[in-house]
Amino acid sequence: MTTRSETRTALDHLLTEIEHRNPAQPEFHQAAHEVLETLAPVLAARPEYAEPGLVERLVEPERQVIFRVPWQDDQGRVHVNRGFRVEFNSALGPYKGGLRFHPSVNLGVIKFLGFEQIFKNALTGLGIGGGKGGSDFDPHGRSDAEVMRFCQSFMTELYRHIGEHTDVPAGDIGVGGREIGYLFGQYRRITNRWEAGVLTGKGAGWGGSLIRPEATGYGNVLFAAAMLRERGEDLEGQTAVVSGSGNVAIYTIEKLTALGANAVTCSDSSGYVVDEKGIDLDLLKQIKEVERGRVDSYAERRGSSARFVPGGSVWDVPADLALPSATQNELDENDAATLIRNGVKAVSEGANMPATPEAVHLLQQAGVAFGPGKAANAGGVAVSALEMAQNHARTSWTAERVEEELADIMTNIHTTCHETAERYDAPGDYVTGANIAGFERVADAMLAQGVI
Ligand code: NDP
């Protein structure tokens with residue numbers, strides 16, 4: 001029988017090899033460390049998982065596509081961006097994961113997101129594999145026509161690699177309903193197929209699911225509520241700090257407010273807003289979803305309860321709960337120390353990997369309930385899988401039905417993570433629980449399907 005310390009040594013060797021074989025991909029290294037460092041107990045307890053080659057296959061994407069995306073701006077100038085699709089693991093179902101359009105996108109970022117997605121999708125229990133894609137295109141300040149031409153060029157290559165039974169992309173940073181519309185239109189034009197299940201996040205009138213836009217934020221709040229319930233508390237009357245002001249942040253604030261909490265912040269890359277009366281969602285949606293503006297104009301229009309802090313850290317605002325909903329590594333150990341000093345009770349990740357490993361460690365040491373993104377923000381991809389199910393059945397469900405399913409899925413994910421952590425002697429450690437539970441499901445399928 002392999003001991004935990006022998007297993008840990010083998011995992012350390014593998015992590016060193018991952019760094020050598022994937023140079024200059026710090027985000028992917030970070031994500032691999034985060035998962036592999038928690039797997040020693042399960043590999044030691046279940047010898048079949050320690051089979052040579054299983055974890056090595058898991059950390060190597062099944063396929064990685066990189067392509068040129070040329071497009072013309074409104075002045076006729078040609079720009080060349082880079083497109084990516086990493087099809088990481090399809091043991092449980094078609095590859096599933098969003099597309100990110102942001103200047104910081106590179107292969108390492110897409111691989112970190114795709115790797116996380118494998119375990120997240122496994123946790124939903126809905127039969128979806130893990131993938132991710134995107135481009136270093138920056139949509140900020142671009143006209144609708146420019147975004148459309150970019151999306152059409154991007155899909156002109158991507159269509160070869162996707163399909164309802166193969167790989168089903170969705171949105172992520174910089175890719176919302178507008179972009180999914182342009183991408184779907186070009187896919188339909190090139191293939192001459194009405195293949196609704198090829199993309200999720202579509203408009204409700206043409207194959208989209210109700211509650212998909214809300215699902216990630218709503219799901220994260222439900223996960224935070226479940227963590228609080230374990231401690232005999234609920235959301236009523238709690239103050240919450242939320243970062244970001246995009247899709248995830250907006251619907252996080254909406255659900256927090258509906259459940260009686262007071263969400264007092266939002267942010268974007270220019271700075272943050274603190275509003276002691278609670279964020280006015282109608283105003284925020286108008287600025288972000290309609291005008292595609294910046295958060296400083298929220299403070300200008302809201303009146304005396306709100307102020308804009310240029311730059312700065314949203315985590316300086318005292319609160320009971322913190323829900324990071326912008327981007328990776330946005331909450332570091334200094335921020336964690338500030339949150340702890342201010343008495344934070346729970347941190348739940350709406351974004352992917354927003355807390356650095358040092359921050360997570362500090363929060364857990366201080367006894368703060370910590371919900372890792374792959375569990376806490378899985379509601380988005382879960383409702384995407386429900387969108388695929390509706391497309392397959394050529395039907396559409398009511399908002400109430402989708403919301404009920406979402407609530408059940410989030411409760412199940414919470415229970416699974418909680419129970420798995422207890423089973424492996426790590427009570428209350430949702431990071432270990434999520435990683436091991438997701439790993440077990442994928443590893444079982446990989447073992448059953450042979451060395452491929
Ligand atoms: P959006 O593009 O709708 O919003 C992103 C928000 O985060 C914006 O306010 C943006 O500000 C801010 N932001 C992005 N990058 C940075 C940065 N480098 N520095 C500071 N602020 C930044 O994206 P989503 O809301 O969809 O995604 C947010 C996070 O949630 C991501 O980590 C994503 O992977 C994750 N996620 C999203 C899901 C979904 O269903 N959409 C599902 C699961 C996870 P600015 O406009 O100034 O750039």
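Just so you know, all these numbers are worked out from the coordinates, no wet-lab data involved. A quick note: this is a predicted structure, and the numbers were derived from the prediction, not measured. Here the Cβ is made from the backbone with ideal geometry for all residues, glycine too, and neighbour counts use every protein chain on show.
Please find, among Thr239, Thr200, Thr252, the residue that is in contact (Cβ under 8 Å) with a residue 40 or more places away in the chain, among the hydroxyl-bearing types (Ser, Thr, Tyr) and surrounded by fewer than 24 Cβ atoms within 10 Å (Cβ to Cβ).
When all the criteria are applied, what remains is Thr239.
Screening Tyr272 with (1) outside any helix (DSSP H, G or I); (2) over 13 Å from Ser245 (Cβ atoms) gives one miss only, at (2).
When the stretch 69-111 is limited to residues that are in a loop (DSSP other than H, G, I, E, B) and of a type in the set (S, T, N, Q), the one that is nearest to Arg441 (Cα to Cα) turns out to be Ser90.
The residue list Ile287, Ile279 contains one member that is farther than 19 Å from Ala261 by Cβ and either loosely packed, with under 15 Cβ neighbours inside 10 Å or within 16 Å of the ligand (Cβ to nearest atom) (or both), which is Ile287.
Of all residues in the stretch 287-317, those that are more than 22 Å from Thr327 (Cβ to Cβ) and either in contact (Cβ under 8 Å) with a residue 40 or more places away in the chain or part of a helix (DSSP H, G or I) (or both) total 4.
The condition (being of a type in the set (A, V, I, L, M), closer than 23 Å to Val442 by Cβ and in a strand (DSSP E or B)) is satisfied by just one residue among Val55, Val35, Val65: Val65.
Entry remark, the stretch 157-198: residues being aromatic (Phe, Trp, Tyr) and within 16 Å of the ligand (Cβ to nearest atom) number 1 in total.
Taking (1) within 25 Å of Glu236 (Cα to Cα); (2) buried (at least 24 other Cβ atoms within 10 Å of the Cβ); (3) of a type outside the set (A, V, I, L, M, F, W, C); (4) touching a strand residue (DSSP E or B) at 6+ places or on another chain (Cβ under 8 Å) in turn, Ser384 satisfies each apart from (1). Scanning the stretch 120-135 for residues that are more than 13 Å from the ligand (Cβ to nearest atom) and closer than 18 Å to Val65 by Cα returns Gly129, Gly131, Ser135. Within the stretch 258-274, the set of residues being farther than 16 Å from Ser348 by Cα and of a type in the set (S, T, N, Q) comprises Ser267, Ser269, Ser270.
Within the stretch 307-323, is even one residue more than 22 Å from Gly217 (Cα to Cα) and touching an Asp or Glu at 6+ places or on another chain (Cβ under 6 Å)? Yes; the residues of the stretch 307-323 include at least one that is more than 22 Å from Gly217 (Cα to Cα) and touching an Asp or Glu at 6+ places or on another chain (Cβ under 6 Å). Could you please let me know if Arg100 is in contact (Cβ under 8 Å) with a residue 60 or more places away in the chain and within 18 Å of Thr216 (Cβ to Cβ)? In short, yes.
All conditions in (1) surrounded by fewer than 22 Cβ atoms within 10 Å (Cβ to Cβ); (2) within 12 Å of the ligand (Cβ to nearest atom); (3) under 17 Å from Val381 (Cβ atoms); (4) not basic (Lys, Arg) hold for Leu210, with the sole exception of (2). Within the bounds of the stretch 158-175, is there any residue that is surrounded by fewer than 18 Cβ atoms within 10 Å (Cβ to Cβ), among the β-branched types (Val, Ile, Thr) and free of Cβ contacts under 8 Å to residues at least 12 places away in the same chain? No, that holds for no residue.
Each residue in the stretch 256-291 was checked for being closer than 18 Å to Gly217 by Cα and of a type in the set (Gly, Ala, Ser), and 6 of them qualify. Screening the candidates Gly201, Gly260, Gly219, Gly237 for the property of being within 13 Å of the ligand (Cβ to nearest atom), on the phi > 0 side of the Ramachandran plot and either of a type outside the set (D, E, K, R) or in contact with a strand residue (DSSP E or B) (Cβ under 7 Å, 6 or more places away or on another chain) (or both) yields one hit, Gly201.
Looking across the stretch 265-276 at every residue that is within 17 Å of Val248 (Cβ to Cβ) and of a type outside the set (Ser, Thr, Tyr), the one that is farthest from the ligand (Cβ to nearest atom) is identified as Val273.
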